[in-house]
Amino acid sequence: MKARPSYSQPKGVMLDLDRHVRTQWFLEDRFGMFIHWGAFSVHARGEWARSWEQLSMQDYQPYVDGFTPDSFDAEAWADIAVAAGMKYAVLTAKHHDGFCLFDTAETSYSTMNNGFGRDVVAEFVEAFRRRGLKVGLYFSLIDWSHPDYPAFDDAHHPHRADPAFEGRSHDFDRYLDFMHAQIRELATNYGQLDLMWFDFSYDDLSGEVWRAAELVEMVRGLQPGILIDNRLEANGGSFGSIVTDEPSAWAGDFVSPEQLIPTDGIRDVRGRLVPWESCITLNNHWSHFGGDDAYKSSRTLIRKLVEIVSKGGNLLLNVGPLPDGRIDPREAQILAEVGSWLTEHGESIYRTGIAGLPKPEWGYYTRRDDTLYAHVLEQPIGPLALTGVDPDRIAALELDGREIQRAESWLIEAYPDVAFVSFGDGDPSFTYPLPDDTDTVVTVRLTAEGAGTR
């Protein structure tokens, strides 16, 4: 086996200083759709099934042959994303199994040659762009279908423990040429791309082992405004050098934690905010998985979206379309419910972020300029205390589009430095149900210097 090359970052290569410009839309849009779909959807036991079950290419081939989704309609997908209030979407152009959803000259292992005969990526990009959504492509740095990708003793390869693969030679440079050529195709053939979502680095396969500086330079040359995640040197549980004083040339533009929400957002070693995006599944699997009915409720997802935005992050919420190409009606219904809430309260999510105030016990704050949004998740006893907000800086309070007054009661006289609001029209000392049990949003308009806390 040919050894994997060992690299260090070339001298003089520096992180692009325009990252804050490139990520502006990302920090405003806040909510996107992740789409995991491919031959593994037919298998219905996960996109990692070839690895988990150590399936050979021959064993896996029936699922490739069976991936002829005659109900696939990218327009319908885009409509669901719009109805959900999502602003961008990322599709798995190629996952670890190596099967491609795009027209590639580098391999016949694609939807163009398995009997389906359609370029899924092209249809996806066109449909989502038509509705004003930004588009991104997921691309696996791993490829279990390629003969030059290391197999025996690799941590994840389906043939990692197969004696028939022990001692086989691999030309890793030839694999990298193939990988770079496919990424060049994606960055060249589909018009403007807003995001490239690479996945993932592990063990000694990280950074310049992927010829990452060359790869980033090529992608940015073809797509100058594109965002790149941090997984050329990291995985879903690590940050990489983006949070250090000396980020690498391939550190990426944002951090991509997986299936969790960071405890307090993500900052670099100097305490500066770093763009980040939690990617989270609707149930417990990324792709269609038979029998997984553990769907998160729209109530949970709305609250988690609020939490993420309050910490300066984005939510990339995943769908796993059915083998025939339809998004599961259960998933579509949950997304529609999230979208219904965002229709009423999207102002408190889009173009907002960290409020710069202590987290209140009853929920979260988000903020845009001199407007605070109090996301009330817990019913208060009596009136609600807008803790952390200087009451002298409050210009107006609004609830459901109408102005409301601060609560006045002898019971709160002991707290002159705290503003209170009541959710009922009667005695402000009474306890009233929250107008929205999922998330009641109180809009707090501040005076121009209204950043003060108490």
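Please tell me if Glu331 is touching a strand residue (DSSP E or B) at 6+ places or on another chain (Cβ under 6 Å), of a type in the set (D, E, K, R) and touching a residue at least 12 places away in the same chain (Cβ under 8 Å). It is true that Glu331 is touching a strand residue (DSSP E or B) at 6+ places or on another chain (Cβ under 6 Å), of a type in the set (D, E, K, R) and touching a residue at least 12 places away in the same chain (Cβ under 8 Å).
For the subset of the range 383-426 comprising residues that are in a loop (DSSP other than H, G, I, E, B) and among the charged types (D, E, K, R), which member is nearest to Leu357 (Cα to Cα)? Spell out the reasoning first.
Let us first name the residues in the range 383-426 that are in a loop (DSSP other than H, G, I, E, B), namely 383, 386-390, 400-401, 405, 407-409, 413-419, 422-426.
Checking which are among the charged types (D, E, K, R) leaves us with 390, 400, 408, 413, 417, 425.
Values: Asp390: 10, Asp400: 23, Glu408: 23, Glu413: 23, Asp417: 15, Asp425: 28 Å.
Only one residue fits best here, namely Asp390.
If you check Arg270, Arg220, which single one turns out to be at pLDDT below 95 and either assigned to a loop (DSSP other than H, G, I, E, B) or assigned by TED's automatic domain parsing to the domain that holds Gly46 (or both)?
On the way: Arg220 fails: at pLDDT below 95.
After applying the criteria, what remains is Arg270.
Please verify whether the range 140-148 includes one or more residues that are under 21 Å from Ile35 (Cβ atoms), modelled with pLDDT of 95 or more, in the same structural domain as Glu47 (by TED's automatic domain parsing) and not in a loop (DSSP other than H, G, I, E, B). Looking through the range 140-148, at least one residue is under 21 Å from Ile35 (Cβ atoms), modelled with pLDDT of 95 or more, in the same structural domain as Glu47 (by TED's automatic domain parsing) and not in a loop (DSSP other than H, G, I, E, B).
Annotation note: of Ser110, Ser71, the sole residue that is of a type in the set (Ser, Thr, Tyr) and closer than 26 Å to Asp171 by Cα is Ser110. Of everything in the range 241-295 that is among the aromatic types (Phe, Trp, Tyr) and closer than 25 Å to Thr366 by Cα, the residue that is farthest from the chain's Cα centre (by Cα) is Phe254.
Scanning the range 46-69 for residues that are under 24 Å from Trp197 (Cα atoms) and surrounded by fewer than 20 Cβ atoms within 10 Å (Cβ to Cβ) yields a total of 2.
Note on the range 81-109: residues that are buried (at least 21 other Cβ atoms within 10 Å of the Cβ) and either outside the structural domain of Val125 (by TED's automatic domain parsing) or not in a loop (DSSP other than H, G, I, E, B) (or both) amount to 9. Taken together, Val319, Val255 contain a single residue that is farther than 26 Å from Ala83 by Cα and either free of Cβ contacts under 8 Å to residues at least 60 places away in the same chain or of a type outside the set (D, E, K, R) (or both), which is Val255.
In this entry, Trp77 is excluded by the filter for residues that are touching a Pro at 6+ places or on another chain (Cβ under 8 Å), buried (at least 21 other Cβ atoms within 10 Å of the Cβ) and farther than 26 Å from Ile226 by Cα. Please name all residue pairs, on different chains or six or more residues apart, with Cβ atoms under 7 Å, provided the first residue is in the range 297-309 and is modelled with pLDDT of 95 or more and the second residue is of a type in the set (D, E, K, R). As it stands, the answer is Ser298/Glu337; Ile302/Asp439; Arg303/Asp439; Val306/Asp439; Val309/Arg30, since those pairs meet every condition given. The set of residues from the range 251-267 being in a loop (DSSP other than H, G, I, E, B), at negative phi, of a type outside the set (Asp, Glu) and touching a strand residue (DSSP E or B) at 6+ places or on another chain (Cβ under 8 Å) comprises Ser256, Pro257, Leu260, Ile261, Pro262, Ile266.
Residues Glu233, Glu246: which one is crowded, with 21+ Cβ neighbours inside 10 Å, assigned to a loop (DSSP other than H, G, I, E, B) and free of Cβ contacts under 8 Å to residues at least 40 places away in the same chain?
Values: Glu246 fails: crowded, with 21+ Cβ neighbours inside 10 Å.
Sole residue among the options that is crowded, with 21+ Cβ neighbours inside 10 Å, assigned to a loop (DSSP other than H, G, I, E, B) and free of Cβ contacts under 8 Å to residues at least 40 places away in the same chain: Glu233.
Among the criteria (1) crowded, with 23+ Cβ neighbours inside 10 Å; (2) farther than 29 Å from Phe67 by Cβ, the one Asp369 does not fulfil is (1). Selection of the range 363-382 for residues being outside any strand (DSSP E or B), among the aliphatic types (A, V, I, L, M) and touching a residue at least 60 places away in the same chain (Cβ under 8 Å) yields only Leu377.
Given the criteria surrounded by 14 or more Cβ atoms within 10 Å (Cβ to Cβ) and not assigned by TED's automatic domain parsing to the domain that holds Lys304, does Ser409 qualify? Yes: the conditions hold for Ser409. Does Arg326 meet the test of being assigned to a loop (DSSP other than H, G, I, E, B), on the phi > 0 side of the Ramachandran plot, among the basic types (Lys, Arg) and modelled with pLDDT of 95 or more? Answer is no for this residue. Consider the range 110-146 and keep the residues that are of a type outside the set (Val, Ile, Thr), touching a Lys or Arg at 6+ places or on another chain (Cβ under 9 Å) and over 27 Å from Ala234 (Cβ atoms). The one that is surrounded by the most Cβ atoms within 10 Å (Cβ to Cβ) is Ser110.
The values are calculated or read from the model by the stated rules, or taken from the named source; none is laboratory data. All of these numbers come straight from a predicted model, not from anything done at the bench. Quick reminder, even Gly has a Cβ in these numbers, built from the backbone with ideal geometry, and neighbours come from all protein chains shown.
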